[in-house]
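To keep things clear, I will list the structure first and then write my remarks on it.
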Amino acid sequence: MKKTIKQTIKSSSSLFCLYKQFRAKIIKWTPTEKYIRKQWLRKFSEELDLENLQTYNEKLQWLKIYGEKDALSTRCADKLEVSKHVAERIGKEYLNELIAVYDGTKNIDFSKLPNQFVLKATHDSGSVLIKKENTPLDYKVLKEIECSLKINYGYISKEWVYEDIKPKIIIEKFLESEDGRSLKDYKIFCFDGVPRIIHVDFDRFEGHKRNFYDISWNKLDLEIEYPSADVEVKKPELLEKMLELTIVLAKGFPHVRVDWFIHQDKLVFGEMTYFHGSGFEAFNSKAWEIKMGGWLKLPEKVK
């Protein structure tokens, strides 16, 4: 059976990378509003109403189109540069151990790295390789990450915070729980510097689950994109400290999500995100989406 052109391209990592670079250039020159409207229609089967902004996702799209660019948001979206922001505001003791920084994957001497590590691209969302002890290096993922370095993620996502980030590779210490499972990932949604909701990801590599809690750790009937798990996550003992530090990091931003891990009874900073799910993750409740939209205050000029 003959392969289609699409199948042939996808079966070759080099051809697929060239295709993604070509596609990125097309998206770059597509007007932001036009491209986002098309994505919105495809995702939600309805037109994006930018004149009557009510929901969280609608307001994120407005910020992608009309939001005023600022250097600090770009700095904090950069997975390497954000460490400087964290060190300046709350102290370097909350940072994960940085093992190495590279311009690309091809000049990495893996024989000099620990048996376990996390490899990330600094300029996008999702380019991550987890290397655990006694497991082989995933060269397919490594090639995909190398390809991602040639693509401006800000252009294809239309999230301006990524446009001016210089692509690099960082290698960090791999953090795991005592039972060998992935650590819980605490994602705190802040509006005008105030923490409102905590999204907890757990068992990310063993059967991804997520729950939402308020800042007093009451479980919410909120689901975004994925169903909640019928599991109660124990309130972390470091919750108050986590919230306290989050307020410091979130100060000055109309909206940001600040992520944390707890490893060996210590808080470890994860990352800062300005467009959760790029504004395309579906809510299980319109009421919740409007409520979160009400917390996100847009610049006065839009009113």
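The values are calculated or read from the model by the stated rules, or taken from the named source; none is laboratory data. Note that the structure is predicted; figures quoted are calculated from it, not measured. Reconstructed Cβ throughout: ideal geometry from the backbone, glycine too, with neighbour counts over all protein chains shown.
Numbers below:
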{"quantity": "Matching residues, segment 26-43, being in contact (Cβ under 8 Å) with a residue 12 or more places away in the chain, of a type outside the set (Val, Ile, Thr) and either in a loop (DSSP other than H, G, I, E, B) or touching a helix residue (DSSP H, G or I) at 6+ places or on another chain (Cβ under 8 Å) (or both)", "calculated": "28, 33, 35, 40"}
{"quantity": "Subset of segment 63-107 [of a type in the set (Lys, Arg) and within 15 Å of residue 123 (Cα to Cα)]", "calculated": "75, 79"}
{"quantity": "Qualifying positions in segment 253-277 - out of contact with any Phe, Trp or Tyr (no Cβ under 6 Å at 6 or more places or on another chain) and small (Gly, Ala, Ser)", "calculated": "277"}
{"quantity": "Residue satisfying all of: in segment 108-125; without any contact (Cβ under 8 Å) to a residue 24 or more places away in the chain and not in a helix (DSSP H, G or I); farthest from the chain's Cα centre (by Cα) among these", "calculated": "109"}
{"quantity": "Residue 91 under 26 Å from residue 242 (Cβ atoms) and at pLDDT below 95", "calculated": "no"}
{"quantity": "Residue tally, condition of a type outside the set (A, V, I, L, M) and under 17 Å from the mean Cα position of the chain (by Cα), over segment 66-84", "calculated": "8"}
{"quantity": "Meets criteria (in contact (Cβ under 8 Å) with a residue 60 or more places away in the chain and touching a Cys at 6+ places or on another chain (Cβ under 7 Å)) for residue 256", "calculated": "yes"}
{"quantity": "Identity of the residue in segment 45-104, among the hydroxyl-bearing types (Ser, Thr, Tyr) and assigned to a helix (DSSP H, G or I), that ends up nearest to residue 225 (Cα to Cα)", "calculated": "56"}
{"quantity": "Residue list for segment 147-188, restricted to those being within 17 Å of the chain's Cα centre (by Cα) and on the phi > 0 side of the Ramachandran plot", "calculated": "158"}
{"quantity": "In segment 44-84, residue surrounded by the fewest Cβ atoms within 10 Å (Cβ to Cβ) [restricted to those that are without any contact (Cβ under 8 Å) to a residue 12 or more places away in the chain and over 30 Å from residue 268 (Cα atoms)]", "calculated": "51"}
{"quantity": "Residue match in segment 257-264 (condition: under 24 Å from residue 68 (Cα atoms) and of a type outside the set (A, V, I, L, M))", "calculated": "yes"}
{"quantity": "Residue check, residue 299 surrounded by fewer than 13 Cβ atoms within 10 Å (Cβ to Cβ) and closer than 30 Å to residue 43 by Cβ", "calculated": "yes"}
{"quantity": "Test: residue 244 is within 25 Å of residue 126 (Cα to Cα), among the acidic types (Asp, Glu) and in a helix (DSSP H, G or I)", "calculated": "no"}
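Results for (1) closer than 30 Å to residue 39 by Cβ; (2) in contact with a strand residue (DSSP E or B) (Cβ under 8 Å, 6 or more places away or on another chain); (3) at pLDDT 95 or above; (4) acidic (Asp, Glu), shown as yes or no for each residue.
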residue	(1), (2), (3), (4)
70	yes, no, no, yes
82	yes, yes, yes, no
96	no, yes, yes, no
99	no, yes, yes, no
107	no, no, no, no
118	yes, yes, yes, no
146	yes, no, yes, yes
154	yes, no, yes, no
168	yes, yes, yes, no
